[in-house]
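Peer 1: My questions will all concern the structure given below.
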Amino acid sequence: MKKKKSKKMKKGKKTKKPKRPKKMKKPKKIKRMKKLTRAKKIKKTKKRTAAMPVVRAEKHFGRLIQAQLKRVVAMKKAADWIDYKTLKPIIIGVIGGDGIGPHITAEAQRVLEHLLKDEVAKGKVKFRTIEGLTIERRSEIMKPVPPDVLAEVKKCHILLKGPTTTPKKGDPWPNIESANVAIRKELDLFANVRPVRVPSQGLDWMFFRENTEGSYALGPFGVEVTGDLAMDFTVATKQGCERIIRLAFDYAKKNNINRVTAVTKANVVKTTDGLFLKTFYEVAKEYPDIEADDWFIDIMTAKLVDLKRRTQFRVMVLPNLYGDILTDEAAEFQGGVGTAGSANIGKRYAMFEAIHGSAPRMVKEGRTQYADPSSVIRAGAMLLNHIGYQELGKKLEMALDICGQYEKKLVMTGRSTGATGRAFCDYILETIADPNLEKRWQGYQ
Ligand code: IPM
Ligand code: MG
C-alpha cells in the first residue's frame, strides 16, 4: 500500500488529504460556519419555495406542449372525409342540451323529421335522441361531457344540438369547461361555418371560424402561477390553420366567389396569428383566381358596420376567438343571434347547433315556450345540405327567410307579446308546404 501511494505521488497525482478533526481544533469558526450553513439552507429553501410555482408551471406547460404535438401527429394521419352517400342509415343524434335547449331543439327535430320522412321510411336516415347533456349532470360528475353521452354521440354520424350552459366563475355551477368546446375538440370539428345573409342590405357572408385551436384549445388549462400572475395559452398549428383556410377557399371556388379575407391580429399576436396569416397566403397561391386579402380584427369589427364596405366581403376565415366575436356581430344584422345557424364540421363527425346560449333567465321567468327556435332550425337546414339533401335544405332556408325576415306573419319577442316557438315552427312548416315557395321567396330578393 505504501509503495503504491508514493508512486502516485511521484506522478504528481493528487491524493486525498486525511480529514482534519475540525471539530476539535477550531470550534469557533465551525460554529460560525454552522450558522452560515443554516442561513444558507434557509435561503435555499426560500429560493426553492419561490421557484416551486415556476417549476410547477413549467411542468404543466411541458404537458400541454406534448398533448398539442400529439394532436399534430393525429391531424397528419387524419382519414379522409366521410361519404354520406355510402352510409345506411345516416344516424342523426339529437341533443336537447339545457335551459331553452330541449324546447327549441324539439321544434327543429319536428321540422327535420317532416322533411326527411321518406328517407326515414326507406331506412336511409335514423334519428336518435341523446339525453343527459345537462348542466346539472355535468356539474354532478364535474365533466364537460358525461362519458356515457360521449359514447352515444360517437355512435352517430351527425348531431343536432341545442344550447348548453357554459359556466363561468361565480355561477351557481362549478366552473367546468364548455360542453360545446369539449365536443368540438373531442370530435375534431375543426370548422365552424356560419352564414349570414340579408339580401335587402346586400349582405351575403360566410364565416369560416377555426374551431379547435386559438385561445379555446387550452381554455380550462391556463395557469395561475402565483396569486399575482395568471397565464392562458393560445395554440396554432400549421395543419390546423391549413385545413380551415383550405375549406374557405374551396367553398369560394365551388360557389364562384372571387374573394377570401383572413381576419387576424397578427401585428400584435405575432406567433400564432402570424402562423395563421402566413399559412393563409401560402394556401391562397393554390387559388390564383381568388383574391386573397387580410384585415385586423379591430378594424374588421368596425368595417362590418360600414355600409359601403361591408357588402364587399364574402368569405371570411379567422382564428377561433375572433370568429366567435365577429359572427355574433354579423348575426345581429340578420335579426340577432337567435336567427343564425352554426355548423361544426370535421372529417368524420359534424354537429349543427344554434349560435346562442341556453337562456336560463327565460326558463327562470317562465318564458321557455317563447324561445325562438329559428337558430337551431337554421342549423337543421345546414345539416340537410351537409348530408346531401340540398333541395330540402334550400326549401327550409327559404321558409326561414320568409317567416323570420320578409313576411313576418308571426313575430317572436321572447315573451307573451309574441308567438310561441311551437306556433312559429308551425308557420315554418306551412310555408314549406306552399307549392309556390320559391316564387314567394324570389319576390323578396
Ligand atoms: C358559440 C358560443 C360558444 C363559443 C360558447 C357557448 C362556448 O358562444 O358557439 O359561439 O364560445 O364558441
Ligand atoms: Mg359565440
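Peer 1: At what distance in angstrom do the alpha carbon centres of region 129-185 and region 303-345 lie from each other?
Peer 2: First find each Cα centre; the distance between them is then 26 Å.
Peer 1: Place +1 on the Cβ of every Lys and Arg and -1 on the Cβ of every Asp and Glu in the chain, take the dipole about the Cα centre, and give the residue among ILE377, GLY97, LEU400 whose Cα lies farthest towards its positive end.
Peer 2: The residue sitting most towards the positive pole is GLY97.
Peer 1: Report the Cα-based extents of region 96-170 along its three principal axes, largest first, to the nearest Å.
Peer 2: So the three principal-axis extents are 48, 24, 13 Å.
Peer 1: Ok, one more. What is the packing order of peptides 154-160, 411-417, taking the mean over residues of other C-beta atoms within 10 Å and listing the highest first?
Peer 2: Descending packing order for the listed peptides: 154-160, 411-417.
Peer 1: Okay, moving on. Can you compute the modelled spin-label distance between ASP228 and LEU87, with each label point 7 Å from Cα toward Cβ, in nm?
Peer 2: Result: 5.4 nm between the two label points.
Peer 1: Let's see if you can work this out: charge +1 on each Lys and Arg Cβ, -1 on each Asp and Glu Cβ, no other charges. What is the dipole magnitude of the chain about its Cα centre, in debye to the nearest 20?
Peer 2: 9360 debye
Peer 1: Quickly work out the ASP148-to-LYS44 label distance, labels modelled 7 Å from Cα along the C-beta direction, and quote it in nm with one decimal.
Peer 2: Taking the two extended label points, one gets 5.5 nm.
Peer 1: Hey, another quick one. Arrange SER342, SER215, SER200 by Cβ neighbour counts within 10 Å, fewest through most, would you?
Peer 2: By the 10 Å Cβ count, ascending: SER200, SER215, SER342.
Peer 1: List the GluC sites (Glu not before Pro) within region 218-313 that DSSP assigns to loop and that have no more than 14 neighbouring Cβ atoms inside 10 Å.
Peer 2: Sparse-neighbourhood loop GluC sites (Glu not before Pro): GLU286.
Peer 1: Right, another one. What are the semi-axes of the equivalent ellipsoid of region 225-342, taken as the square roots of 5 times the eigenvalues of the Cα gyration tensor, listed largest first and rounded to whole Å?
Peer 2: For region 225-342, the semi-axes come out at 25, 21, 13 Å.
Peer 1: Modelling each spin label as a point 7 Å along the Cα-to-Cβ direction, I'd like the LYS169/ASN267 distance in nm, to one decimal.
Peer 2: In this crude label model, LYS169 to ASN267 measures out at 3.2 nm.
Peer 1: For the chain, go through all pairs of different Cα atoms, get the mean of 1/r, take its inverse, and jot down that Kirkwood value in Å.
Peer 2: So the Kirkwood estimate lands at 25.1 Å.
Peer 1: At a 10 angstrom cut-off on C-beta neighbours, averaged per residue, how do the peptides 344-350, 377-383, 97-103 rank from highest to lowest?
Peer 2: In decreasing order of mean packing, 344-350, 377-383, 97-103 become 377-383, 97-103, 344-350.
Peer 1: About the Cα centre, and with charges only on the beta carbon of Lys, Arg (+1) and Asp, Glu (-1), how big is the dipole of region 196-337? Nearest 20 debye, please.
Peer 2: 580 debye
Peer 1: Work out the charge dipole of region 196-337 with +1 on the Cβ of Lys and Arg and -1 on the Cβ of Asp and Glu about the Cα centre, then indicate which of LEU277, LEU218, TYR322 is farthest towards its positive end.
Peer 2: It is LEU277.
Peer 1: Order 124-130, 317-323 from most to least packed using the mean count of other Cβ atoms within 10 Å.
Peer 2: Highest to lowest by the protection proxy: 317-323, 124-130.
Peer 1: With θ taken as phi - 60° and the coefficients 6.51, -1.76 and 1.60, list the Karplus ³J(HN,Hα) couplings across region 341-353 in order, rounded to whole Hz; mark glycine and proline as x.
Peer 2: Using θ = phi - 60°, the values come out as x, 9, 10, 10, 10, x, 6, 9, 10, 8, 10, 10, 8 Hz.
Peer 1: Here is a follow-up. Among all helices in the chain defined by DSSP H, which have a length of 20 Å or more along the axis from Cα atoms plus a Kyte-Doolittle mean of at least -1.0?
Peer 2: TM-like helix candidates: 27-77, 101-115, 238-254, 320-334.
Peer 1: While we're on this one: Between region 243-264 and region 347-383, how many Å separate their Cα centres?
Peer 2: So the separation of the two Cα centres works out to 27 Å.
Peer 1: While we're looking at this one, here's another question. Within 12 Å, Cβ to Cβ, of LEU437, how many net charges do the neighbouring residues add up to if Lys/Arg are +1 and Asp/Glu are -1?
Peer 2: -3
Peer 1: Give me the Kirkwood hydrodynamic radius of region 121-268 in Å, from all C-alpha pairs, to one decimal place?
Peer 2: After inverting the pairwise mean of 1/r, the radius is 18.4 Å.
Peer 1: Moving on to the next point. List the equivalent ellipsoid semi-axes of region 276-318 in whole Å, largest first, each obtained as the square root of 5λ for an eigenvalue λ of the Cα gyration tensor.
Peer 2: Over the Cα atoms of region 276-318, the semi-axes work out to 22, 13, 6 Å.
Peer 1: To continue, here is another question. Using only DSSP helix segments of four residues or longer, with each worth -39500 (n - 2.57), what per-residue ellipticity at 222 nm results for the chain after dividing by its residue count and rounding to 500?
Peer 2: My calculation for the chain gives -14500 deg cm²/dmol from helical runs alone.
Peer 1: Moving to a separate point now. Can you pull out the trypsin sites (Lys or Arg not before Pro) in region 262-308 that DSSP calls coil and that have at most 13 other Cβ atoms within 10 Å?
Peer 2: Those that pass, being in a loop and sparsely packed, are LYS270, LYS285, LYS308.
Only the coordinates and a few stated rules stand behind these numbers; no lab work does. Values in this document were obtained by computation on a predicted structure and should not be read as measured data. Cβ atoms come from the backbone with ideal geometry, glycine included; neighbour counts cover every protein chain shown.
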